[in-house]
Amino acid sequence: MLVLVSPAKTLDFENPPLTTEFTQPSLLEHSQVLIAECQKLTPVQIASLMKVSDKIAGLNAARFAQWQPNFTLGEAKQAIFAFRGDVYTGFDADSLSASQLQSAQTHLRILSGLYGLLKPLDLILPYRLEMGTRLVNTRGTNLYGFWGQIITDEVNRALIEQGDDIIVNLASNEYFKAVKEKSLKGRLITPVFKDCKNGQYKVISFYAKKARGLMARFIVEQQPKELAALLSFDLEGYYYSDAQSTASSPVFLRDEQA
């Protein structure tokens, strides 16, 4: 199965990565085009465009100015170890064995506003450019227009390389919109995670994000090739609900937490 996840706003470039092995993003020539557009923006424009504080805008203006494509492990970091957030807490990359990290390299892809599509060991520099950013560029009025069919083609290529026809979408709506669903050459499965609160099962963002990371980790470890194997996911109290599921959207429930 090929798993798609979102990146995270929170980054960790302070702690060293747990491996010196790395790869380079496959779409860097496109990233360079985007960076050229971003380098034209003033901190004031960045603050308005990204709806961030002046401090964060200034930080990102400096990051854009310093970005260059020939980065090395000394200044960059592998994506799977650089991103921190709820999904990545659930995935817990720091505890992966060497063989599990290689499995992730095959079966996991990270959608990115700046890099398009990342393998876990792809090096990245610190950045903030969310996929929903309405950055006018040479290809359109936002990043969806910029990436067009490019990300989808990369997803299809990765799907073929990993060996079966199942794509598991664990990304947010903002990021998955960059994938052209009708052009995917595989079966798309979008799991839903619901937690019980006050007697009702509902999607609770914090828990659902962590659950996406848990399922990504489950797939990397178990390497299921059939949907039935995916439905056995049961980490941290989640269980499959046939009654609430559809063929393309399996639902996993968890009873109220103490």
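The values are calculated or read from the model by the stated rules, or taken from the named source; none is laboratory data. Here the structure is a predicted model, which means the values were calculated and not measured. Cβ: placed from backbone, ideal geometry, glycine included. Neighbour counts: every protein chain shown. Just so you know, the surface numbers come from the protein's heavy atoms only, side chains and all, with ligands and any DNA or RNA stripped out. Shrake-Rupley method; radii C 1.70, N 1.55, O 1.52, S 1.80 Å.
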Check your understanding: Counting Lys and Arg as +1 and Asp and Glu as -1, each charge on the Cβ, what is the dipole of the chain about the Cα centre in debye, to the nearest 20?
Key -> 800 debye
**Study point:** Dipole of the stretch 124-258 [Lys/Arg +1, Asp/Glu -1 at C-beta], most positive-end residue of LEU214, TYR127, SER232
**Key:** TYR127
Study note, to complete from the structure: Note to self: C-alpha centroids of the stretch 179-231 and the stretch 89-140 sit apart, in Å, by 18 Å
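Could you pull out the pairs from LYS119/LYS225; LYS180/LYS225; LYS55/LYS119; LYS9/LYS177; LYS119/LYS185 whose alpha carbons sit more than 26 Å apart here?
Beyond 26 Å between Cα atoms: LYS55/LYS119.
To the nearest 0.05, how large is the calculated FRET efficiency for LYS225 and THR141 if R₀ is 30 Å and r is the Cβ-Cβ distance? Spell out each step's value before the answer.
Numbers: r = 40 Å, r/R0 = 1.35.
FRET efficiency, LYS225 to THR141: 0.15.
Suppose every K and R has +1 on its Cβ and every D and E has -1 on its Cβ; what is the size of the dipole of the stretch 115-184 about the Cα centre, in Debye to the nearest 20? Numbers along the way, then the final one.
On the way: 8 positive and 9 negative charges, 74 e Å.
For this selection, approximately 360 debye.
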Practice item. Compare GLU37, GLU14, GLU29 by solvent-accessible area with a 1.4 Å probe and give them largest first, with all protein chains kept in place. Key: GLU14, GLU29, GLU37
Review point. How far is helix 98-107 tilted off the main Cα axis of the chain, in degrees rounded to 10, range 0 to 90?
Key: 80 degrees
Review point. Where does each of 6-12, 202-208 land if you order them by average Cβ count within 10 Å, highest first?
Key: 6-12, 202-208
Point to revise | Contact order relative to length of the chain, as percent, for alpha carbon pairs under 8 angstrom and 6 or more apart | key: 24 percent
Revision key, fill the gap. Options (1) 88, 40, 35; (2) 45, 40, 39; (3) 52, 39, 38 are given for Cα extents along the principal axes in Å, and the computed one is (3)
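Based only on Cα atoms, what Rg/Rh ratio does the stretch 1-54 have, Rh being taken as Kirkwood's radius?
1.05
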Point to revise | Placed amide H near ARG187: partners under 5 Å, 5+ positions off or other chain | key: ILE166, ILE167
**Study point:** For LEU108, distant residues with modelled amide H under 5 Å away
**Key:** VAL3
**Study point:** Positive-pole candidate from THR141, PRO69, LEU96, dipole of the chain, charges at beta carbon
**Key:** THR141
Review point. Got a sec to turn the phi values of the stretch 3-15 into Karplus ³J(HN,Hα) couplings, 6.51 cos²θ - 1.76 cosθ + 1.60 with θ = phi - 60°, whole Hz, x for Gly and Pro?
Key: 9, 10, 10, 8, x, 10, 5, 6, 10, 10, 10, 8, 7
